[in-house]
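The values are calculated or read from the model by the stated rules, or taken from the named source; none is laboratory data. Predicted model only: the values in this text are computed from it and were never measured. When we count neighbours, we look across all protein chains shown, and the Cβ atoms used for this are built from the backbone with ideal geometry, even at glycine.
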Amino acid sequence: MAKSYTAADRLRLIQEQARTGAPLRSFCAAHGLTTATFCAWKRRYETEGAAGLEPRPNPRNSHGAHRGRFTADQRREAVEAWLRSGMRKADFAALWGVGANSLA
């Protein structure tokens with residue numbers, strides 16, 4: 001999982017790179033960042049100030065976090081409903097939003 005940086009962390013890294021004058025590639029590699037990420041932070045800082053470094057919602061996840069894992073009872077009920085339905089496994093899984101592999 002990728003490391004999550006706070007706005008203060010981002011600002012500190014931007015200021016450190018400017019202060020040291022270290023080459024961007026080596027600076028980012030030393031801090032476990034991609035140059036694209038660092039440049040995006042720097043660009044947002046230059047245009048929006050410190051507020052631009054605050055975390056933003058992911059537009060690809062506009063419906064919020066996933067609801068989480070199903071309980072054992074919920075999984076059992078889904079399998080039983082699938083068996084009663086007579087539907088193909090893939091069709092049932094797509095209809096109810098569960099993985100086809102979780103049904104059998």
Taking the conditions exactly as written (surrounded by 13 or more Cβ atoms within 10 Å (Cβ to Cβ), among the aliphatic types (A, V, I, L, M), at pLDDT 90 or above and not in a helix (DSSP H, G or I)), does L33 satisfy them or not? yes
Among the residues that make up the range 63-71, is at least one of them in contact (Cβ under 8 Å) with a residue 12 or more places away in the chain and touching a Ser or Thr at 6+ places or on another chain (Cβ under 9 Å)? yes
Among residues belonging to the range 38-50 that are under 19 Å from the mean Cα position of the chain (by Cα) and within 14 Å of A7 (Cβ to Cβ), point out the one that is surrounded by the most Cβ atoms within 10 Å (Cβ to Cβ). W41
Every residue from the range 1-30 that is part of a loop (DSSP other than H, G, I, E, B), loosely packed, with under 13 Cβ neighbours inside 10 Å and of a type outside the set (S, T, Y): M1, A2, K3, G21, P23
Of the residues in the range 38-70, how many are modelled with pLDDT of 80 or more and part of a helix (DSSP H, G or I)? 16
Selection over the range 71-104 where residues are touching a helix residue (DSSP H, G or I) at 6+ places or on another chain (Cβ under 7 Å) and either in a helix (DSSP H, G or I) or surrounded by 11 or more Cβ atoms within 10 Å (Cβ to Cβ) (or both) yields a count of 14
